[in-house]
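The values are calculated or read from the model by the stated rules, or taken from the named source; none is laboratory data. What you see is a predicted model; the values in this text were computed from it and never measured. So basically every Cβ, Gly included, is an ideal-geometry build from the backbone, and we count neighbours across all protein chains shown.
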Amino acid sequence: MNAFDKLFGIFSRNTNLKKHNPHASFSIRSTIVQHGSFCDALRKVTTLHQRGLDARIPGGLLITGQTGSGKTTLIEYYRSFFPRQNLEDRTVTPVLIVTTPESPTVKSLAEAILIALGDPVASRGTAEEKTRRINHYLKECRIELLVIDEFQHFLDSGKTKQARKVTDWLKNLFNISNVPVVLVGLPRAAMVVRMNPQLQRRFSAPYYLKPFSFEKGKDQLEFRGVLRTIHGSLPLPCPELHEANLAHRFFIASCGLFDYLAKIIDRAVQIAGEEGHKELTQQHFARAFKDEVWRDVPDRLNPFNPKGVLRPLTKLGEPFEIWDDPEQYLHKRAT
C-alpha cells in the first residue's frame, strides 16, 4: 500500500470521498484556448522576435494584464515553439524567460538572469562580474528573445531610487545585448518603464491582455466560445457551459479571467471524481467557487446559486475588489 492509499484510507473513514479519483489528472489548463486577445499578443511577440532576427532591430514590447489573465501562459506557450537544444559545447536557448525577484537589486536581477541561463555559479561575483557573464552567455547561448516576467516588482518594492538604478542597468544591458525584449507584468508595470526615458521610448506601446467581457454581444459570443471549447474537453457529462445563463454565471464567478475559470472547473471535476459522481452539476460549480475563489461567500452571492444575485463581485472584501486599471497610468507621472 503506497502513501496515497494510506491517506485516502484515513479520509474515507470521515468523509464521503472515494478511494480512487478517476479524474485526478484532469485540468483544463492543459488546453490552450486561443481567444482574440491572446492571439493578438502572440502575434506581437512573434513580430518582435522575427524582426529582431531578420532586421537586427532589438525592439521592445510591454505586455500587461490582471492577475489570472494568462500572461505567464502566453509566454510559456510562445517559448514552447522554440525549445532548448543541447549541443556538444553549449545549450542553445532561443527564448529566455526570467522572473523578476521581489525587491530587485542589480545583483539579484543579474543572478536571476544567470540562473535562467544555466550558470552553475550564478550567485558568485560582483554585480559587474555578473553583468559581464550575462553578456557572454547571451551570445554563447544564442538568445534571440529575452522575456522578463513580473516586471511590476520594481515598483512594488517601494524603493524608488533602487528601482531607478536597476532599470538604468537593464537599459544598458538591453543596448549592449542587442536582443529584442518582452517585459510582462501587471498594468502598473507601465510606471516602471516610465521611470527611464530610454526604456519608455523602447516600450512606448504597451499591450493590455484584456480579460473577457460580457458587455456587448460579440464579447459574450467570444466568452461563450471559450466555454464551448472547455466543455468539449470535460471528462464527465455536464450542462452546456456555453448556455447563455450558465455562461453569465461563469463570467461573474471569474470576472473574465481565465485562471479563475480553470480553478472553478478543475475543482468541480475533482469534487465529482472524489465523491464518485457520474456527471457535473451546477451544485459542483457552486462548491468549487467556494473552495477556490471565495471561501466565505454568502449563498446569495454565489454565482452558481440558482437564486443568487448576479452582479460583479468587486465590492470591499469580495474576490475582485482589487483591480489594477491600466487607464490610471496613461497620464500619471513616474515618481
Subject >> In the range 276-334, the residues that are part of a loop (DSSP other than H, G, I, E, B), in contact with a helix residue (DSSP H, G or I) (Cβ under 6 Å, 6 or more places away or on another chain) and surrounded by fewer than 16 Cβ atoms within 10 Å (Cβ to Cβ) >> reply: V309, L310
Subject >> Given (1) out of contact with any Asp or Glu (no Cβ under 9 Å at 6 or more places or on another chain); (2) over 24 Å from G68 (Cβ atoms), number of the condition Q198 does not satisfy >> reply: (1)
**OP:** Return a yes/no flag: does the range 129-139 have any residue that is in the same structural domain as P187 (by TED's automatic domain parsing), more than 25 Å from M195 (Cα to Cα), polar (S, T, N, Q) and touching a residue at least 24 places away in the same chain (Cβ under 8 Å).
**Re:** no
Original post:
Which of (1) part of a loop (DSSP other than H, G, I, E, B); (2) at pLDDT 95 or above is the odd one out, the single condition E215 does not satisfy?
Top reply: (2)
Original post:
Would a scan of the range 244-257 turn up a residue that is farther than 16 Å from P303 by Cβ and either in a helix (DSSP H, G or I) or outside the structural domain of G185 (by TED's automatic domain parsing) (or both)?
Top reply: no
Original post:
Looking at (1) in contact with a Phe, Trp or Tyr (Cβ under 9 Å, 6 or more places away or on another chain); (2) among the basic types (K, R); (3) not in a helix (DSSP H, G or I), which is the one condition that is false for R267?
Top reply: (3)
**OP:** Of the conditions (1) in a loop (DSSP other than H, G, I, E, B); (2) on the phi < 0 side of the Ramachandran plot; (3) surrounded by fewer than 14 Cβ atoms within 10 Å (Cβ to Cβ), R56 clears all except one; give me its number.
**Re:** (2)
Original post:
Is it the case that G256 is under 17 Å from T73 (Cβ atoms) and among the small types (G, A, S)?
Top reply: yes
Original post:
Out of curiosity, is D259 in contact with a strand residue (DSSP E or B) (Cβ under 9 Å, 6 or more places away or on another chain) and touching a residue at least 24 places away in the same chain (Cβ under 8 Å)?
Top reply: no
Subject >> Leading residue by the ranking (nearest to the chain's Cα centre (by Cα)) among those in the range 98-125 that are among the β-branched types (V, I, T) and either within 21 Å of S157 (Cβ to Cβ) or not assigned by TED's automatic domain parsing to the domain that holds K165 (or both) >> reply: T99
**OP:** Scan the range 59-82 for residues that are in a helix (DSSP H, G or I) and polar (S, T, N, Q) and jot them down.
**Re:** T72, T73
Original post:
For the range 83-188, which helices (runs of 4 or more DSSP H) that fit wholly inside it have 1 or more residues that are among the β-branched types (V, I, T) and touching a strand residue (DSSP E or B) at 6+ places or on another chain (Cβ under 8 Å)?
Top reply: 106-117
Original post:
What number of residues within the range 115-155 satisfy the criterion of being surrounded by fewer than 19 Cβ atoms within 10 Å (Cβ to Cβ) and farther than 23 Å from Q85 by Cα?
Top reply: 8
**OP:** Could you tell me which numbered condition A205 fails, if it satisfies all but one of (1) crowded, with 21+ Cβ neighbours inside 10 Å; (2) assigned to a loop (DSSP other than H, G, I, E, B); (3) modelled with pLDDT under 95?
**Re:** (1)
Subject >> Qualifying residue in the range 175-191 (condition: exposed (fewer than 14 other Cβ atoms within 10 Å of the Cβ), assigned by TED's automatic domain parsing to the domain that holds F285 and either within 30 Å of H136 (Cβ to Cβ) or among the hydrophobic types (A, V, I, L, M, F, W, C) (or both)) >> reply: no
